[in-house]
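Data block below; observations after.
Laboratory data are not the source of any read-out in this text; all were calculated from the coordinates shown. This is a predicted model, so every value here is computed, not measured. Using ideal geometry, Cβ is built from the backbone for each residue, glycine included, and neighbour counts are taken over all protein chains shown.
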Amino acid sequence: MTRTRPLTDLEILARMWLIRAFEEKVSELYAAGKVAGLIHLGIGQEGSAVGTCAALGRSDYVFGTHRSHAHAIAKGADLRRLMAEIAGRSTGYCKGKGGSMHISAPEVGFVTATGVVAGNIPLALGAALTSVTRNEDRVSVAFFGDGAGQSGPFHESLNMAALWKLPVVLVCENNGYVEFSPLSAHTVVERLADYASVYSIPAVTVDGGDVLAVRDAVTEAVDRARGGGGPSFVEVLTHRLRGHYEGDPARYRTLSEREEWKRKDPVARFARHLAESGVPPESLDDVEAAARTRVAVAAEQALADPPADPAGVTGDVYV
Amino acid sequence: MAARIRYIEAVRQGLQSSMRSDPSVIVLGEDVRYGGPFGATKGLADEFGKGRILDTPISEATVMGMATGAAATGLRPIVEIMFVDFATLAMDQLVNHAAKLGFMTGGLLRVPLTVRVQGGVSGRFGAHHSQSLEAWFLHTPGLKVVAPAFPGDAARLLEVAIADDNPVVYMEHRGLYWTKGEVTGNEPASGSVVRRRGDHVTIVSYSRMVHHALAAADTLAADGIGCEVIDLRWLAPLDLEPAVASLRRTGRAVVAHEAVTTGGVGAEVVARLQAARGIRTRAPIARVGAPFAPVGAAPELEDAFVPGSGDIVGAVRGLLGEAPPRTDGQKGGRT
């Protein structure tokens, strides 16, 4: 594997702003009726996506979830093709056949995402098996939410990853809500990292509002995987600022909770951190402005693209 | 003349030749190093090593998902599901992921995965080890389905399945494992084949039921009734050209399988035959299959459940007006 140069702090901030701007644009387009479907946004969870992918090389594998626009962008996916896919355009990554929940950008290592909770974890293990079989040092990452922790494939996969010492990093984005109900309604386990100890998998719980803490935790896990040390479990405590999907008013969340997490907003927090460490405020503003411009251009181009071709309705069923 | 070997040996031969020719082929399953309950993978770990013959825990869902992920990233995995009944545990990965990844990514990914399943009614194993679930797979866009009836096809079509860039469910019938036949390597890779020529009735079948169809044809030949027997071999994609050509001549057909009749492969075959150009049947096409019930474990219950050559003979005679027609040819007349 060719090692990728680590991202600078400003590049990390830029990725976070790209995601924030992209997700806000999707939300805006959805509200305007220009994007259809079932859209799950990760606004508020940028620290997890960017922190994790900052620890990876381009050829490492990432497997996402139904809420994975952020993961794909963090891994380097092309914004126009991604927006075109979400907007059902023929120029989308998957020609509009995947949509928001089934995005794929294999050229940057974002292999696929899934609409089935926990369904991607075994896939990530399979990619790790490919690395081992071919004697490559690619690491495989599976993102999943706290809701996945109570499913069969999650536990089967933890067992199997540990048993075969697979080079996989299991990144649990614990945002405290499983669809419309709190995690406490699904399990008595408060920290999903606790599940890992049963399978002798090294685990850590980090603050998802701190992108560098996420990056450092995942870097340690990636180094362990590349060194033959097998799987790791990184639980990222995070929060989605939007509902489960666009259109979900999220009445199950209290106002004080929302206010608290807005204060913990990982993007603003990292920008503050950089300002405090001496980065001039105008540079930080430039990063945000540049991200918003890139997203606006990508969205404009994507929406001007032709819609998915109905003639393709049965295409790609078989190779 | 080619050597006659057992069906189970032919399966092993197909695995072996594929693994020799392609280092990206790996096998995952429960006890596959040991050889599994029937010995299909016996000895492969000695030749190919533990890195390519992988013993898994009893975790069908994750094993199927891993194989799918490995296939999408460059390997050519073969998953062994010990009994097709346990495929239920892996259906999310098979149906939602393996079958759809190629489509959902607009062709960015491909999943060259082979799923070996073993099933059918044999040995008084009861309702969790005796099913014929091919209709579920056939119903899933993106999957190919193959069900060989003879050792020659068992070896050849397994090689074809493994070389295919799509996910293929390769269905073995436990009751055929010890039957012998020639393996020439020249068996056709695709499509259905005519196993016996006849002018009066067309019998369309696959897997072990082909043997029952041939036995029924023998019985009926003694009475001067000529049956043409078609072995479908591949259920997806389904090749009905030989069956249609035959039915054009005979005007009468029986579609026979061991699976439950309701919603079975036979329903699809009958519908397509009826709709084919130039078909004018002299009697409604009959179906032979199992009754709408799980199979009972007791010998008497299993025997009463599983359709055989007698049921096909009865259906053919019914078509010829030699006996009162049964309800849709279904065993025991139950629906």
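Separation of the range B:260-282 from the range B:14-38 is 37 Å, based on Cα centroids.
Note on the range A:207-262 and the range A:18-53: Cα centroid distance 15 Å, given to the nearest whole angstrom. Extending 7 Å from Cα along the Cβ direction at B:A298 and again at B:R20 yields two label points whose distance is 5.0 nm. Given a cut-off of under 8 Å on Cα pairs at least six residues apart, what relative contact order in percent is computed for the range B:193-333? RCO, the range B:193-333: 24 percent.
Of all beta bridges DSSP finds with both residues in the protein assembly as shown, what is the antiparallel percent, to the nearest 5? Around 20 percent of the beta bridges assigned by DSSP in the protein assembly as shown are antiparallel ones. In the structure shown, the pairs A:K75/A:K262; A:K34/A:K97; A:K97/B:K100; B:K50/B:K100; A:K34/A:K95 are assessed against 19 Å; a Cα-Cα span above that value is assigned to A:K75/A:K262; B:K50/B:K100.
Against chain B, whose longest principal axis comes from its Cα atoms, helix B:60-72 is set at around 70 degrees.
Measuring from centroid to centroid over Cα atoms, what is the spacing of the range A:282-315 and the range B:70-141 in Å? Each part reduced to its Cα centre gives a spacing of 37 Å. Could you tell me the calculated FRET efficiency between B:R282 and B:A127, based on Cβ-Cβ distance and R0 = 56 angstrom, to the nearest 0.05? After rounding to 0.05, the efficiency reads 0.90. Relative to the dominant Cα principal axis of chain B, helix B:241-250 is inclined by about 10°. Among the helices of chain A, those built from whole DSSP H runs whose Cα atoms reach 27 Å or more along their own axis and whose mean Kyte-Doolittle hydropathy is at least -0.5 are A:9-31, A:281-304. Between A:A304, B:L143, B:M66, the Cα set farthest toward the positive side of the dipole of the protein assembly as shown (charges on each charged residue's Cβ, about the Cα centre) is that of B:L143.
Charged side chains reduced to their Cβ positions (Lys and Arg at +1, Asp and Glu at -1) give the range B:4-182 a dipole of some 240 debye around its Cα centre. Extending 7 Å from Cα along the Cβ direction at B:E241 and again at B:T184 yields two label points whose distance is 1.9 nm. As I understand it, the value is the acute angle between the Cα axis of helix B:208-221 and the longest principal axis of the Cα atoms of chain B; what does it come to in degrees, rounded to 10? Its long axis makes an angle of about 20 degrees.
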